[in-house]
Each structure stands twice: as C-alpha cells, then as structure tokens.
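The values are calculated or read from the model by the stated rules, or taken from the named source; none is laboratory data. Model, not experiment: these values are computed from the prediction. Counting neighbours? That spans all protein chains shown, and the Cβs are built from the backbone with ideal geometry, glycine included. Just the protein is used for accessible areas: all its heavy atoms, side chains included, with ligands, DNA and RNA removed. Shrake-Rupley method; radii C 1.70, N 1.55, O 1.52, S 1.80 Å.
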Amino acid sequence: MRPSPIAATVDFDKDGTQHGFLKLPYSRDDSAWGAVMIPVAVVKRGQGPTALLTGANHGDEYEGPIALFNLANELDLARITGRVIVVPAMNYPAFRAGTRTSPIDKGNLNRVFPGRPDGTVTEKIADYFQRHLLPLADYVLDIHSGGKTLQFVPLAATHLLPDKGLQDKCVASMRAFNAPYSMTMLELDSVGMYDSAAEEMGKIFISTELGGGGSATAATADIARRGVRNLLMHAGILAGSADRRPSVGLDMPSGDCYVTSEGAGLLEIRIDLGAAVRKGDVLARVHGYERTGTPPVEYRAKLDGILAGRHYPGLVQTGDTIAVVAVPVG
Ligand code: ZN
C-alpha cells in the first residue's frame with residue numbers, strides 16, 4: 001500500500017513534551033500548496049505503555065477537545081512513565097466547521113476506517129490512525145458526545161468482544177475512566193468505526209458519550225477531565241491517585257433499546273435523561289406540525305431501564321433515533 005501523505009512534525013520516539021501537527025497536504029482554491037494541520041501533542045518519558053487520546057472524531061462534540069487541549073497544556077512530564085499521544089480534534093476540518101462530518105468531503109471519520117492513503121481527506125486521516133498511530137498504542141480513548149442531534153447521560157463505553165481477555169481489560173479501563181455511567185454498548189452499525197479498528201488490533205479501547213446538544217457543560221467537561229487522568233493512572237502512565245466516584249453499570253441487551261421515529265414532526269419528550277422507564281411507558285410523542293386536530297404518534301419503551309440517550313433538536317425526521325433505553329446492571 002502506498003505511504004500516507006500525512007507527516008507528523010513531532011517525533012513520537014523522542015522523550016519530552018512536544019506540540020506539533022499531523023500535516024496533511026490539501027490543495028484548494030484559497031491555498032494552492034496548503035495543508036490541513038491537525039494539532040498533536042506527545043508527552044514521553046522513558047519506557048512504558050502508550051495511551052492514544054482523541055476528541056472530535058465527530059466535529060460537533062466538545063468534551064473531548066476541551067479535556068485534551070487542557071491536558072496537552074497541563075501534563076507534567078515528571079509524572080509520566082511511558083507516552084501520551086494527544087489529538088484533541090481528530091477530524092480537524094469537521095471540528096473547525098462545528099459539524100459532525102467534514103465540510104471538505106462530507107466524510108464521517110468514524111465510518112471510514114481503515115481509510116485510504118489515496119482517498120478523501122477524511123479517509124487519509126483514518127488511514128494515518130490505522131497504520132501509524134493505533135500500532136503505537138496500548139490504550140486508546142476516543143471521547144465522543146451526542147453532538148448537535150443527540151444527548152446522553154454521561155457515560156464511558158465498551159463493546160462485547162470475541163476476545164474475552166481483551167474485553168475484560170477494556171471494561172477495567174472503562175471503570176477506571178469512572179464516568180457516572182459505564183455502558184456495554186450495542187452499536188447500530190459498527191462497520192468502519194475507529195472503535196472496531198482499535199479492537200481488531202487488540203488495543204484496549206474505550207469511548208464515551210458525554211452529554212451532547214452541540215456544546216459542553218461544566219459538569220460534562222469535568223467528567224472528561226477527571227476520566228482522562230483516571231485512565232492514565234490506571235494504565236500506569238501518570239503518577240497520582242485516581243479520583244473515584246460512584247458509577248452505574250448499563251447494558252444494552254438488544255436492538256429494542258433503540259426507538260426510531262417513523263414520521264416527521266414536533267418532538268415532545270415525555271421522560272428526561274437518567275429517569276427510570278418501564279416497558280410500555282410513553283417516551284415521546286411526535287406531533288404532526290402541519291395542522292391541529294391530528295393525534296400525536298406515541299413512542300413507547302420496549303424494555304425496562306433508564307433513558308440513556310435522546311434526540312436533541314425540537315423537530316424530528318423519519319428515521320431519527322428518538323430515544324435510547326439502557327438497563328442498569330450491577
Ligand atoms: Zn461521536
């Protein structure tokens with residue numbers, strides 16, 4: 001396969017703190033010989049494990065970039081054993097545009113793995129992570145949130161994996177991150193995800209969904225800040241004592257957890273995030289917005305649990321995920 005067009009301005013093998021870029025040549029109208037410059041920081045001291053920390057895989061999710069731009073400024077080299085690679089805004093063009101996908105090619109970075117060195121800008125970023133950054137890592141944390149169209153209870157997540165030994169390590173890392181909720185997640189469609197790429201490579205991978213709605217709160221940003229440090233301590237990379245608080249385990253036993261809109265309209269959510277629901281409870285009603293005199297369509301819970309996620313904007317389209325119900329465990 002041809003080499004990646006991306007070149008790092010940092011040396012991943014060098015001890016010390018470095019701030020630089022992943023430089024991706026991108027010729028365009030306003031910059032003929034221009035490049036996309038993706039910020040990257042490397043903090044390395046001696047021999048030890050490597051953690052690869054990313055935010056803004058989707059460009060409209062902000063807890064990751066906030067926590068990681070801060071971390072890159074604050075990490076104390078003297079407390080590090082091993083290496084931390086920080087990419088606060090992985091799909092940098094999407095992050096700059098404040099959109100989920102890239103404004104350059106409409107690429108959804110979390111659906112194009114393993115990427116291509118000769119593909120679109122988004123595919124080139126995926127390929128660089130696939131072939132250059134993931135192989136360096138022992139621990140991989142990808143910080144997501146709901147973005148503009150979803151909102152979640154603040155959760156860290158792992159997946160069910162065929163390799164149970166690896167799954168146990170992922171669960172231990174998820175618990176160490178210590179978000180208020182710790183979820184074993186069932187993906188709607190895992191093809192092309194960064195998660196799957198890391199897991200198939202045998203990496204200890206965790207992701208998160210921290211809030212959403214297209215911004216961050218002080219509380220969700222703080223969960224990310226604490227979680228990143230807790231994970232680095234769990235990995236033995238950062239010296240210090242973890243800040244541990246209670247966390248509720250969540251399971252997604254089947255596709256019944258997802259409630260999908262079968263029509264467009266005005267969303268009336270009937271249950272707030274984190275609240276308990278019983279099978280058959282009305283989670284939301286969708287009103288036709290053309291005229292009065294038509295009854296709303298009701299969407300009910302298909303199992304007992306809590307409301308873990310919801311559609312965020314006030315209007316829904318056909319096919320939107322309206323609600324996600326998860327089951328508390330342990
Ligand atoms: Zn995301």
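Quick check, is A51 of a type in the set (G, A, S) and either surrounded by 14 or more Cβ atoms within 10 Å (Cβ to Cβ) or within 21 Å of Y128 (Cα to Cα) (or both)?
Values: of a type in the set (G, A, S): yes; either surrounded by 14 or more Cβ atoms within 10 Å (Cβ to Cβ) or within 21 Å of Y128 (Cα to Cα) (or both): yes.
Yes.
List the pairs whose first member sits in the stretch 106-128 and is assigned by TED's automatic domain parsing to the domain that holds A198 and closer than 17 Å to S196 by Cα, whose second member is away from the ligand (no atom under 15 Å from the Cβ) and of a type in the set (K, R), and whose Cβ atoms are under 8 Å apart, counting only residues at least 6 apart or on separate chains?
Going by the 8 Å Cβ cut-off, the qualifying pairs are P114/R131; G115/K124; R116/K124; E123/R116; A126/R116; D127/R116.
Quick check on my filter: what residues within the stretch 262-305 are within 24 Å of the chain's Cα centre (by Cα) and either part of a strand (DSSP E or B) or on the phi < 0 side of the Ramachandran plot (or both)? Lay out the reasoning, then the answer.
Going through the stretch 262-305, the residues within 24 Å of the chain's Cα centre (by Cα) turn out to be 272-275, 305.
If the condition is that a residue be within 24 Å of the chain's Cα centre (by Cα) and either part of a strand (DSSP E or B) or on the phi < 0 side of the Ramachandran plot (or both), then D272, L273, A275, G305 are the ones that fit.
When you scan the stretch 122-157, how many residues do you find that are in contact with a Lys or Arg (Cβ under 9 Å, 6 or more places away or on another chain), of a type in the set (D, E, K, R) and within 11 Å of the ligand (Cβ to nearest atom)?
Number satisfying all stated conditions: 1.
I need the strands (runs of 3 or more DSSP E) fully contained in the stretch 13-70, keeping only those with at least 1 residues that are touching a helix residue (DSSP H, G or I) at 6+ places or on another chain (Cβ under 9 Å) and within 16 Å of the ligand (Cβ to nearest atom).
Because the criterion is at least 1 residues that are touching a helix residue (DSSP H, G or I) at 6+ places or on another chain (Cβ under 9 Å) and within 16 Å of the ligand (Cβ to nearest atom), the strands (runs of 3 or more DSSP E) in the stretch 13-70 that meet it are 50-55.
Given the conditions (1) surrounded by fewer than 21 Cβ atoms within 10 Å (Cβ to Cβ); (2) in contact with a helix residue (DSSP H, G or I) (Cβ under 6 Å, 6 or more places away or on another chain); (3) in a helix (DSSP H, G or I), and given that R131 satisfies all but one, which numbered condition is not satisfied?
Every condition holds for R131 apart from (2).
Among the residues of the stretch 178-187, is there at least one that is within 17 Å of the chain's Cα centre (by Cα) and over 18 Å from I306 (Cβ atoms)?
yes
Any residue that is crowded, with 24+ Cβ neighbours inside 10 Å and part of a loop (DSSP other than H, G, I, E, B) - is there at least one of those in the stretch 181-200?
no
Looking only at the stretch 71-91, count every residue that is in contact with a Gly (Cβ under 8 Å, 6 or more places away or on another chain) and either assigned to a loop (DSSP other than H, G, I, E, B) or closer than 22 Å to R28 by Cβ (or both) and tell me the total.
5
Can you name the residue in the stretch 134-150 that is part of a helix (DSSP H, G or I) and open to solvent by less than 60 Å² (accessible area, probe 1.4 Å) and is also nearest to G192 (Cα to Cα) among such residues?
Among those residues, the one meeting the criterion is L134.
Please specify each residue of the stretch 4-20 satisfying the condition of being surrounded by fewer than 17 Cβ atoms within 10 Å (Cβ to Cβ) and small (G, A, S).
Those that are surrounded by fewer than 17 Cβ atoms within 10 Å (Cβ to Cβ) and small (G, A, S): A7, G16, G20.
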